[in-house]
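Here, each number is a calculation from the coordinates, and none is a lab measurement. Just so we're clear, the structure is a prediction, and the values are computed from it rather than from any experiment. Please note: Cβ atoms are built from the backbone with ideal geometry, for glycine as well, and neighbour counts cover all protein chains shown.
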């Protein structure tokens, strides 16, 4: 062998022996070595400069791992700096070391970008720490789409029949508190209906806010869209004035009917509030109720033990000479001629205001 060739081979061998042990371990394990010899990041650590998209109210979570190659007795610790408020980093020291970052961005974090720094440091002297930078860009929570179904300003009201029995909730969420029950049938045996007020389209489906026929009066609740039929529209609105003892029917905001009425006595008052006409009934065979009656969603707060739960009716009478006046147990009485005329003008689903 020529002397020059022998010297070259010896130089290559010396160079190979001079490679640091940690470089070899990092290559074999697939870890990406740190810029400074010492500790090294490994999967599942995000790559340097990783930008994570987040959203208000939704949890952000990722893992980190680091090792000190070639130094199995050395412990590595992963720590974070400039972390957002209420963010949690759960480290597990060792070799390899691991950590889990978790954060739920609050509303105040919307449309902001947070730059986080993580450091992996070995306990042995002479081994440099490794750093990793990650940013989190927080977007605002998507707005739940709202749509209006009934509008007094537009003189347009919508109602729907109950197709499936179920519960009404305080908010458009399955986990929200139950505020009422919806049945397919009224106490009188007719198909139940509800006045629909507005709705929300959410990621979990469409919810409808309806006026409930329950105590306390005036309560509303959210139901799933699939519980209800297609919308029916009315342009009428009935207003009963307990002080003036009158009933006034509006169509598209204009008065089309007015008549004197009888309302509840002081100890059996007709409840005040916002209600709706649930059904139309006739054929009683009892002159006390006149030829036609309307069932409403209003309920007496003092006669709750009455059949059906004390619902307030609007009906005729066989004692027209008592009207107008405070003469009933809470129901609204009208002369027979007037109730017949009202029945020709007012469909079910009409909103009812008692003031």
**Request:** Please work out how much length the chain gains when fully extended from residue 215 to residue 178, using 0.36 nm per residue of separation minus the C-alpha to C-alpha distance, in nm with one decimal.
**Result:** 12.0 nm
**Message:** Below 8 Å between Cα atoms, with a sequence gap of 6+, how large is the relative contact order for segment 236-354 in percent?
**Reply:** 34
**Request:** Sticking with the crude label model, points 7 Å out along Cα→Cβ, report the distance from residue 302 to residue 43 in nm, one decimal please.
**Result:** 7.7
**Message:** On C-alpha positions alone, give me the angle between the axis of helix 3-17 and the longest principal axis of the chain, in degrees, nearest 10.
**Reply:** 40
**Request:** Select from 69, 269, 324 the residue whose mean-square fluctuation is largest in a Gaussian network model of the chain (Cα-Cα springs shorter than 10 Å).
**Result:** 69
**Message:** Binning at 20 angstrom from zero up to the longest distance, how are the C-alpha pair distances of the chain distributed in percent?
**Reply:** 23, 29, 17, 17, 10, 3, 1
**Relative contact order (percent, whole number), the chain, Cα cutoff 8 Å, 6+ residue spacing** = 12
**Prompt:** In nm, what is the difference between 0.36 nm times the number of residues separating residue 229 and residue 266 and their Cα-Cα distance?
**Reply:** 9.4 nm
**Message:** Quick check on the exposure proxy: order 296, 214 from fewest to most C-beta atoms within 10 angstrom.
**Reply:** 214, 296
**Request:** Report the full-extension gain for the segment residue 171 to residue 86: residue separation times 0.36 nm, less the Cα-Cα distance, to one decimal in nm.
**Result:** 27.9 nm
**Item:** Footprinting exposure proxy for 210, 104, 288 (fewest neighbouring C-beta atoms within 10 Å first)
**Value:** 288, 104, 210
**Prompt:** In a GNM of the chain with a 10 Å cut-off on Cα contacts, which of 272, 59, 184 has the highest mean-square fluctuation?
**Reply:** 59
**Translational diffusion of segment 145-234, µm² s⁻¹ [Kirkwood Rh, Cα pairs; Stokes-Einstein; 25 °C; 0.890 mPa s]** = 186
